[in-house]
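A short write-up of the structure that comes next.
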Amino acid sequence: MAALRLYLLGTPRLERNDKPIAIARRKALALLAYLAATRRLHSRDELATLFWPDQNQSGARASLRRDLSSLKHALGDHALIVDQAQIGFNPDADVWIDVEEFQTKVAKPQSHGHAQQAVCADCLAAVTEAVELYAGDFMAGFNLPDSTAFDEWQFFETERLRQL
């Protein structure tokens with residue numbers, strides 16, 4: 001079992017060895033959620049514009065560096081891929097993410113090799129586990145009032161996960 005666990009279904013939270021890890025800045029938590037949920041590399045400029053749209057590029061990039069520093073402190077050095085141009089969640093990091101687990105459980109019956117309307121014990125168990133993981137909507141109760149682009153992405157991610 002991964003020592004680091006990220007919960008994004010329901011109220012977002014991060015735990016290491018079953019103990020909560022505080023992330024003081026909302027934008028740092030939003031950045032972590034975005035990187036974990038999208039699972040791809042993003043340019044620094046893209047992230048700076050997404051999270052700090054009201055700042056000039058220099059100020060936004062400085063804010064990004066500050067929040068990346070706090071995330072690296074909270075997560076350790078291996079959870080994120082950070083270089084001069086791009087930032088992303090490390091696919092090889094030992095981090096359990098409830099959204100990924102939920103999506104895996106939901107997908108199991110679709111790839112199980114029997115008619116979609118048929119229900120087998122394995123599929124029923126996977127769907128039951130998925131329902132138990134769904135502790136609430138994606139990042140329930142969380143928003144970034146000064147980043148409408150992030151709030152819009154969060155809204156569509158919430159809807160996508162509800163549909164699953």
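The values are calculated or read from the model by the stated rules, or taken from the named source; none is laboratory data. Keep in mind it's a predicted model, so treat the numbers as computed, not measured. Using ideal geometry, Cβ is built from the backbone for each residue, glycine included, and neighbour counts are taken over all protein chains shown. Surface accessibility is based on the protein's heavy atoms, side chains included, excluding ligands, DNA and RNA. Shrake-Rupley method; radii C 1.70, N 1.55, O 1.52, S 1.80 Å.
Listing for the model above:
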quantity: Ratio Rg/Rh [Cα only; Rh per Kirkwood] for the stretch 1-81; calculated: 0.97
quantity: Those aspartates and glutamates that a straight Cα-Cα span of less than 14 Å connects to Lys105, excepting residues fewer than 8 apart in one chain; calculated: Asp122, Glu129, Glu132
quantity: Relative contact order of the stretch 1-62, pairs being alpha-carbon contacts under 8 Å that are 6 or more residues apart, as %; calculated: 17
quantity: Crossing angle, helix 121-133 versus the chain [Cα axis fit, 0-90 degrees, rounded to tens]; calculated: 30
quantity: Dipole of the stretch 61-164 [Lys/Arg +1, Asp/Glu -1 at C-beta], most positive-end residue of Val106, Gly88, His78; calculated: Gly88
quantity: Proportion of all alpha-carbon pairs of the chain beyond 30 Å (%); calculated: 20
quantity: Rounded to the nearest 20 debye, dipole of the chain from Cβ charges on Lys, Arg, Asp, Glu; calculated: 380
quantity: Average accessible surface area per residue within the chain, 1.4 Å rolling probe, Å²; calculated: 55
quantity: Over the chain: helical MRE at 222 nm, DSSP H runs n ≥ 4 each giving -39500 (n - 2.57), nearest 500; calculated: -15500 deg cm²/dmol
quantity: Vicinal HN-Hα couplings computed from phi for the stretch 67-73 (Karplus, 6.51 cos²θ - 1.76 cosθ + 1.60; Hz; Gly/Pro x); calculated: 6, 5, 4, 5, 5, 4, 5
quantity: For the stretch 41-164: relative contact order, % (alpha-carbon pairs under 8 angstrom, 6 or more apart); calculated: 24
quantity: The chain, accessible surface, carbon-and-sulfur percent (1.4 angstrom probe); calculated: 52
quantity: Isotropic mean projected area of the C-alpha convex hull, the stretch 38-113 (nm²); calculated: 6.4
quantity: Angle in degrees between helix 148-163 and the longest Cα principal axis of the chain, rounded to the nearest 10; calculated: 10
quantity: Relative packing of 3-16, 100-113, which averages over residues the other C-beta atoms within 10 Å, highest first; calculated: 3-16, 100-113
quantity: By average C-beta atoms within 10 angstrom, highest first, the peptides 26-32, 120-126; calculated: 26-32, 120-126
quantity: Built amide H within the under 5 Å cut-off of Ile97, gap 5+; calculated: Leu6
